[in-house]
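Presented below is the structure to which this report refers.
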Amino acid sequence: MTVTSTPTVVRAPARKPALIAGFTAPKGFGDTTLRDRRGDAIELLGGIPDPGVLPATELAAATARVLARPGVPALQYSRTEGISPLREWIAAREGVPVERVIITNGGFHGLSLAIQTVVERGDLVAVDNPIFPLFLRGLQLSAADILPVRVGPRGLDVDELADRLRSGARPSALYTVPDFHNPSQGTLPAEQRAELVRLSEQYGFVILADNPYRELWYTGGPESVDAFNFSDHVIHINTFTKTLGPGLRLGWLVVPEHLAGDIAALRSRQDSHSSTLVQAVVGEMLTSEPGLFDATLGRARELYRTRAETLVAALEREAPGAFDTTLPGGGLFLWPKLRNDSIDPDQLAADASAEGVEYQRGSFFPSGPGTDSARHLRLAYGDVDAARLEEAVKRLARALKKQ
């Protein structure tokens, strides 16, 4: 019997669409930023909430009640904009009509929807410098050019932005984290928020105000968001990620009325709507126990404030004179700056890794020139207890001595 073999057909690889081919490697997050670690390494890497202040028991009870309802509506389709009572609860807390609230799959999803709604391909977008790097990843979907604007202890430098606008820059949007900025921990004062909104209305750009840390203030309360929520030139982005848990993948947008239909139309061509079950559970929990959210926040604020104080005190004790530090007013990050210019920040990070402590280097965060970010460390303390924070600083101090 003669056996014939079928010739092997070699197919050319499929051509990637230009959108996918243009993606760059993640900057500041993911495997490219991590080094080989010791098994007992202490990670100060991500803005991760502590599990001890997340309302797991209350979420479980709310889930049971939701699933016990006749017909189990939480297992069915729901509206693109989101469902009540969750939208109504958010609208009341934000002080806006419910029609302006759109539920999202967390904060980054809200940013993605906002970008695709208001940024044309190739537009100019003003951004924080330094910046939360994942925003730049999302901006690649629009192939936009960026206009970096300095961020300092008082948030976005609105005066610098005004100068750039007067000189002819015409961004279609501006991105900033106004409260407890990631990474630089500053907060934009109320009068500067009002001026930023005035500039947006004068020059015709949309502000993308990304506010995941807004509720995590330590003392005195947060800055007012009225300037943002009452302007037709602002999309205000928020999330339950830092307060109720990132695994819920639940956030929201407060949008101008004239953009609500556009965002819903865009969403209907993507994933249609967020999980009905998750929306129903969170809505049930928040409305059936009216004081629960604020009580949860109170525990979180106290815990994170204590950890921030522990970290600052440990740096001053274990590495006296090595860093300029400012105690944060809220949020989950410390942004200490190396005082000694002879210290190589990248070598310090490598030596710290060898000692068993991991953190994000400041060099991951610039969006352009004119920042001293490379001289900074971003230390995240949300899910690290006080004892491990103190041990982490001891290891960092040993690494400093190698310089």
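So for segment 100-212, averaging the separation of alpha carbon pairs under 8 Å that are six or more residues apart and normalising by length, what relative contact order in percent results?
So the answer I get is 28 percent.
Multiplying the sequence separation of Leu297 and Arg121 by 0.36 nm and subtracting their Cα-Cα distance, what value in nm do you get?
Computed gain between Leu297 and Arg121 is 59.4 nm.
List every residue whose amide H lies under 5 Å from the amide H of Gln360, counting only residues 5 or more places away in sequence or on a different chain, with H placed 1.01 Å from N in the peptide plane.
For Gln360, whose amide H was placed from the backbone, the distant partners under 5 Å are Arg378, Ala380.
How much of the DSSP beta bridge set in the chain is antiparallel, as a percent to the nearest 5?
45
Please work out how much accessible surface Leu165 shows to a 1.4 Å probe, ignoring ligands, DNA and RNA, in Å² rounded to 10.
0
How would you rank 63-73, 226-236, 173-183, highest first, on the average number of other Cβ atoms within 10 Å across their residues?
173-183, 226-236, 63-73
Residue-wise, which Karplus ³J(HN,Hα) couplings in Hz belong to segment 254-261, taking 6.51 cos²θ - 1.76 cosθ + 1.60, θ = phi - 60°, and x for glycine or proline?
My calculation for segment 254-261 gives 9, 10, x, 4, 6, 9, 4, x Hz in order.
If you average over every viewing direction, what projected area does the convex hull of the Cα atoms of the chain give, in nm²?
Computed as one quarter of the Cα hull surface, the answer is 27.4 nm².
Considering lysine pairs in the chain that are 8 or more places apart or on different chains, how many have Cα atoms under 27 Å apart?
Lysine pair count for the chain: 8.
For segment 77-108 and segment 233-283, what is the separation of their C-alpha centers, rounded to whole Å?
The distance from the Cα centre of segment 77-108 to that of segment 233-283 comes to 6 Å.
In Å², what does the accessible area per residue of the chain work out to with a 1.4 Å probe?
Result: 44 Å² per residue.
Output the peptides 348-357, 122-131, 365-374 sorted from most to least packed, where packing is the average of other Cβ atoms within 10 Å over each peptide's residues.
Packing order, densest peptide first, comes out as 122-131, 348-357, 365-374.
Which percent of the accessible area of segment 64-118 is formed by carbon and sulfur heavy atoms (probe 1.4 angstrom)?
The computed percentage sits at 57.
If you plug each phi of segment 77-82 into the Karplus form 6.51 cos²θ - 1.76 cosθ + 1.60 with θ = phi - 60°, what whole-Hz ³J(HN,Hα) values come out, in order, with x for Gly and Pro?
Values per residue, Gly and Pro as x: 5, 9, 6, 4, 6, x Hz.
Taking only C-alpha pairs under 8 Å that are 6+ residues apart, what is the relative contact order of the chain in percent?
With pairs under 8 Å counted, the relative contact order is 24 percent.
On the protein heavy atoms, probe 1.4 angstrom, tell me the percent of accessible surface of segment 239-359 carried by carbon and sulfur.
Exposed carbon and sulfur together represent 51 percent of the surface.
The values are calculated or read from the model by the stated rules, or taken from the named source; none is laboratory data. What you are looking at is a predicted structure, and each value in this text was computed from that prediction instead of being measured. Don't worry about glycine lacking a Cβ; one is built from the backbone with ideal geometry, like all the others, and counts go over all protein chains shown. Heads up: the accessible areas ignore ligands, DNA and RNA and are worked out on the full protein's heavy atoms, side chains in. Shrake-Rupley method; radii C 1.70, N 1.55, O 1.52, S 1.80 Å.
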